[in-house]
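First the structure, in the form of structure tokens, and then the observations on it.
The values are calculated or read from the model by the stated rules, or taken from the named source; none is laboratory data. In this text, all values refer to a predicted model and were calculated from it rather than measured experimentally. Because the Cβ atoms are built from the backbone with ideal geometry, glycine has one as well, and the counts that use them run over all protein chains shown. Note: accessible area is taken over every heavy atom of the protein model, side chains too, but ligands, DNA and RNA are not part of it. Shrake-Rupley method; radii C 1.70, N 1.55, O 1.52, S 1.80 Å.
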Amino acid sequence: RLPTDLLPRNVVLYQYQACPFCNKVRAFLDYHDIPYKVVEVNPLSKKEIKWSEYKKVPILTVDGEHLVDSTDIINILQHRISPDDEVTNEEETKWRKWVDEHLVHVLSPNIYRTTSEALESFDYIAKHGNFSYTERFAVKYAGAAAMYFVAKKLKKKYNITDERASLYDAANTWTEALNGRNFLGGSKPNLADLAAFGVLRPIRYLQSGKDMVEHTQIGEWYQRMEDAVGEPSRIPEGQYQE
């Protein structure tokens, strides 16, 4: 837990619940017990972020300052809570980049691999997203159909021939990088651990995530990360104070 004087204040996260980059930021906030409010953005209208020139999520406001891009947000927060720390080491930087440039890109072709998996994913998105009743129905079925075809294009773009094999390879690449350590950071998670855990969290209990844990060695690390990150530090809506 951070000393009170280093704790960022008035933290608000504008997000989509299922977005891997938003989950990266949440993993960092949860791990450091930084209280934050969540504004779930409607991805169709984006009315919740109409005030922002930047139209992607996550957006994080800290004491009224607007921060964008998940990696930049985490870098800025890390510097604020650990101002005396040296620049992150080469290994940590390398694997944070791998998460953003490789791991994230194998997720969509997997969670939308088949029509049933696409529906499973969009059922989760529709239930947890900020949608009206009619939008929820349309998003689930139209979104699942659209992303099923988008996933095929992404598969081609990133030269993925077998979706599950690419996911298992990524999981095994990560566990090999641990090299027998509990975390990439050693005895405790570093920013690369939090990034990898964050982007995998939305898929963990979908079929693709269950298959990943069953067919690779990543499950033990993932469980250690769940334990280390602990309960969300998100402020429940009923406790918001204006």
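Some observations on this one:
- Counting the residues of the range 39-67 that are open to solvent by 10 Å² or more (accessible area, probe 1.4 Å), over 21 Å from Leu191 (Cβ atoms), within 17 Å of the chain's Cα centre (by Cα) and not charged (D, E, K, R) gives 2.
- Residue-level analysis places Arg96 outside the set of residues that are open to solvent by 50 Å² or more (accessible area, probe 1.4 Å) and among the basic types (Lys, Arg).
- Taken together, the residues in the range 1-50 that are under 22 Å from Pro202 (Cα atoms) and of a type in the set (S, T, N, Q) amount to 4.
- Conditions (1) open to solvent by less than 60 Å² (accessible area, probe 1.4 Å); (2) modelled with pLDDT under 95: number failed by Arg9: (1)
- Checking each residue in the range 39-97 for being in a helix (DSSP H, G or I), outside the structural domain of Ala192 (by the TED database) and of a type in the set (A, V, I, L, M, F, W, C) picks out Ile49, Ile73, Ile74, Ile76, Leu77, Ile81.
- When the range 1-33 is filtered for residues that are closer than 23 Å to Val104 by Cβ, in a loop (DSSP other than H, G, I, E, B) and of a type outside the set (S, T, N, Q), the ones remaining, listed by number, are Tyr16, Ala18, Cys19, His32.
- When Ser132, Ser166 are checked against the criterion of being closer than 12 Å to Asn110 by Cα and not β-branched (Val, Ile, Thr), a single residue qualifies: Ser166.
- Among the criteria (1) open to solvent by less than 40 Å² (accessible area, probe 1.4 Å); (2) on the phi > 0 side of the Ramachandran plot, the one Ala151 does not fulfil is (2).
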